[in-house]
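Chemist: Below is the structure I would like to discuss, written out as structure tokens.
No lab work stands behind these numbers, since they all come straight from the coordinates. The shown structure was predicted, so the numbers you read here are calculated from the model rather than taken from an experiment. So basically every Cβ, Gly included, is an ideal-geometry build from the backbone, and we count neighbours across all protein chains shown.
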Amino acid sequence: MHRPKVIIGLLGIDQHEVGAIAVAGLLRDAGMEVIYAGRYNTPASLISMATDEDADIIGISCHSWEYLEYVPELMHMIETDQLDISVVLGGSIITASDAAAMRQVGVAGIYGPDSGPDLMVSELHAFAASRQSRLRASMRSP
């Protein structure tokens, strides 16, 4: 069974990393490989790290509203580069309307303060398994 690989980081000048560190520990305890990118990332730096590490998922901790500017750029870069990486967001400030806008640009999962750890872990496992299945299928096709 594939061990999901997740990049976790913060975008822009958002420095509220306590939640990101807690989620990184939660995902590690759930058997995932977690690479912590820390603060001050750009969409390009997260994509570069995810590509270098062959990550299944990019997780972004959102505790300032900068993600509303950066995530559409990140999703556009993923699409333009034809990368197969799921993006998930987590944080206490994500409103219902902002979550809808993020889903519109292709964000796979959004986890607010009411999201339970079991839901997050099971969905991230599913996102990673789906990616691995697509990768195996593409290797079999000529």
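Chemist: Starting from the alpha-carbon convex hull of the stretch 18-124, give the projected area averaged over all orientations, in nm².
Modeler: Values: hull surface 24.7 nm².
Averaging across all directions leaves 6.2 nm² for the Cα convex hull.
Chemist: Here is a follow-up. When the Cα centres of the stretch 11-33 and the stretch 84-142 are compared, how far apart do they sit, in Å?
Modeler: Centre-to-centre distance over Cα atoms comes out at 15 Å.
Chemist: Then there is this: Quick one: net charge around ILE21, please, counting Lys, Arg +1 and Asp, Glu -1 for every other residue with C-beta under 14 Å from its C-beta. Mind dumping the intermediate values first?
Modeler: Values: positive: ARG28, ARG39; negative: ASP14, GLU17, ASP29.
Residues near ILE21 contribute -1 overall.
Chemist: Continuing with the same structure: Quick check: from the Cα gyration tensor, does the stretch 87-142 come out rounded (a/c under 1.5), prolate or oblate?
Modeler: oblate
Chemist: Let me ask another. Helix by helix through the chain, keep the DSSP H runs that span 27 Å or more along the axis on Cα and average at least -1.0 on Kyte-Doolittle, and give those back in order. Can you show the working numbers first?
Modeler: Numbers: long enough: 117-140 (35 Å, -0.30).
Span-like helices in the chain: 117-140.
Chemist: Could you work out the local net charge near ILE94, counting Lys and Arg as +1, Asp and Glu as -1, over the other residues with Cβ closer than 13 Å to its Cβ? Display every interim value, and only then the final one.
Modeler: On the way: positive: ARG103; negative: ASP14, GLU66, ASP98, ASP114.
Residues close to ILE94 contribute a combined charge of -3.
Chemist: Please report, in debye to the nearest 20, how large the charge dipole of the stretch 9-65 is about its Cα centre when each Lys and Arg carries +1 at its beta carbon and each Asp and Glu carries -1 there. Working shown, then result.
Modeler: On the way: 2 positive and 8 negative charges, 47 e Å.
Dipole magnitude for the stretch 9-65 comes out near 220 debye.
Chemist: I need the phi-derived Karplus couplings for the stretch 105-116: 6.51 cos²θ - 1.76 cosθ + 1.60, θ = phi - 60°, integer Hz, Gly and Pro marked x.
Modeler: Ordered by residue, 3J(HN,Hα) equals 8, x, 5, 7, x, 9, 10, x, x, 8, 6, x Hz.
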